[in-house]
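Structure, as structure tokens:
The values are calculated or read from the model by the stated rules, or taken from the named source; none is laboratory data. Please read all numbers here as calculations on a predicted model, not as lab measurements. Note: ideal-geometry Cβ built from the backbone for every residue, glycine included; neighbour counts use all protein chains shown.
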Amino acid sequence: MGLLDFPNPVGWFESVKDEDQKRDIINAVLSATYSAWIAFVWRSGSSKIAQWFGEGQALQDSAIAMYLTLRTLEKKNLLTLTLPKDMLNPDLLSKFQTEEMTK
């Protein structure tokens, strides 16, 4: 088994002719990446060592801010975020405010 036998996801993507399927693939990859990153930051912030160093709340706030920012794309069906339930607590989310800048 040589290097040429290694799976090539870019080649798979390029071989798809249907634009809807390409959009679905991009959505799935981005959704999984963002969901994993947000969950990682949230769980890292909830660890005892992060809390001990005083960075736990900052990490958890960062995860919530990322979610709230990406939620607009989720509402437009451009992303599907899968996140820890304890992060989606309405009391936690209510501590943040999103403002849109208009020209």
May I ask you to list the residues in the stretch 1-27 that are among the charged types (D, E, K, R) and either modelled with pLDDT under 65 or not in a helix (DSSP H, G or I) (or both)? K17, D18
I'm told L30 meets every condition in (1) in a helix (DSSP H, G or I); (2) modelled with pLDDT under 95; (3) in contact with a helix residue (DSSP H, G or I) (Cβ under 8 Å, 6 or more places away or on another chain) except one. Can you identify the failing condition by its number? (3)
When residues of the stretch 46-103 are filtered for being among the aromatic types (F, W, Y), surrounded by 12 or more Cβ atoms within 10 Å (Cβ to Cβ) and in a helix (DSSP H, G or I), how many remain? 1
